[in-house]
Amino acid sequence: MQNTKIEYSSSERTPVVLPEMEKLLPPLSGEQFSSLESDILENGCYAPVIVNEDMTVIDGHNRLRICEKHGLPYKMLVFSFADLLEAKQWALDTQKGRRNLDKWELGKIALRLKPDIEARAKENMSAGGGDQKSEDAKSGLTTLSDPISPVSTRKELADTVGIGEVTMGKVMQINEHAPAAVREALDSGDLSINQGYNITRQVRELPEEQRDEAAALAVELAKAKKEIQAFDAESDRRHKIAGLFCKAYEKAVLLTPTKENVRIWTECTRMRPDEVEDSVKESYELAHTFQTIGDLLKNEILNPSQQAGVLSDGN
């Protein structure tokens with residue numbers, strides 16, 4: 001890959017949108033697209049659309065779409081790539097830093113690159129004296145009874161998107177054999193790759209007419225387990241917060257802030273002047289914290305009649 005430093009404006013050249021490049025990455029969510037659109041409408045398209053020497057768009061499909069929708073000008077910067085596979089890998093590396101893609105999404109992207117990677121491998125093997133492997137081995141397709149695909153293909157796919165080789169192997173098996181319910185649950189984030197792989201492997205042993213129903217049931221059970229775990233985690237979080245407040249108040253009521261007691265504290269702990277200054281700041285911050293807690297208890301937790309009672313007591 002090389003930045004040629006050649007730049008065109010949208011009035012000078014017309015870019016070419018290649019479907020396999022545009023669909024390489026998952027589409028932006030509605031919120032993400034709206035945010036990008038608002039930014040471009042307010043500030044213009046300050047990031048150039050990246051094209052190759054054939055004017056094929058490599059990166060910036062969403063910016064291009066927004067600009068053309070609103071008739072806005074944009075710049076195109078020309079990059080040189082050895083082939084389309086290198087362009088796809090570069091686009092993926094660039095976008096991975098901008099998007100929060102999970103391992104399943106990355107695995108699916110790798111599968112889109114699989115034909116290009118296999119074609120390059122076949123060219124390399126031909127140049128080296130021919131292919132000594134079977135067609136099945138070259139393709140990387142395997143059955144669940146023998147879940148290890150050729151290391152060369154699987155490893156390169158894994159390395160391309162930055163996930164583990166074993167994880168990539170599981171993605172390949174899911175892609176080849178998983179029922180629709182498993183794929184949908186992975187797409188929605190309700191299953192992990194490991195869960196999806198295990199369900200796929202288990203239902204594979206059933207008669208074909210029972211697999212879809214068994215997979216759907218297994219997915220629902222996994223989702224229910226996830227919800228229970230989330231509930232337990234939330235319960236633990238709430239109890240920890242409550243415990244911290246109880247401890248803070250238990251410790252605070254033990255303090256008697258007289259001049260003599262404060263002096264004893266500073267002398268026995270041998271506070272330096274700078275430490276005394278720090279303690280002053282911390283004391284005021286703690287005072288503010290407890291003041292905020294009191295305000296929240298009075299204004300947000302008590303009902304109106306109880307609030308009136310607190311106010312009259314204060315008077």
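Listed values, structure above:
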| item | result |
| --- | --- |
| Strands (runs of 3 or more DSSP E) contained entirely in segment 5-121, each with at least 2 residues that are on the phi < 0 side of the Ramachandran plot and open to solvent by 20 Å² or more (accessible area, probe 1.4 Å) | 75-80 |
| Unmet criterion (only one of (1) at pLDDT 90 or above; (2) closer than 15 Å to Thr200 by Cα; (3) surrounded by fewer than 21 Cβ atoms within 10 Å (Cβ to Cβ)) for Pro147 | (1) |
| Close pairs (6 angstrom Cβ cut-off, 6 or more residues apart or separate chains): touching a residue at least 40 places away in the same chain (Cβ under 8 Å) in segment 100-119, among the polar types (S, T, N, Q) and open to solvent by 60 Å² or more (accessible area, probe 1.4 Å) anywhere | Leu111/Asn175 |
| Neighbours by Cβ (under 7 Å, 6+ apart or cross-chain): first from segment 176-191, within 17 Å of Arg211 (Cα to Cα); second in a loop (DSSP other than H, G, I, E, B) | Glu176/Leu141; His177/Leu144; Val182/Leu191; Ala185/Leu191 |
| Scope segment 41-63; condition under 24 Å from the mean Cα position of the chain (by Cα) and farther than 18 Å from Asn3 by Cα; matching residues | His61, Asn62, Arg63 |
| Only one of Ala222, Ala230, Ala215 that is open to solvent by 40 Å² or more (accessible area, probe 1.4 Å), assigned to a helix (DSSP H, G or I) and either over 24 Å from Ile117 (Cα atoms) or touching a Cys at 6+ places or on another chain (Cβ under 9 Å) (or both) | Ala230 |
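The values are calculated or read from the model by the stated rules, or taken from the named source; none is laboratory data. Not measured: the values here are computed from a predicted model. Neighbour counts run over all protein chains shown; Cβ positions are idealised from the backbone, glycine included. Keep in mind that these areas ignore ligands, DNA and RNA; they rest on the heavy atoms of the full protein, side chains included. Shrake-Rupley method; radii C 1.70, N 1.55, O 1.52, S 1.80 Å.
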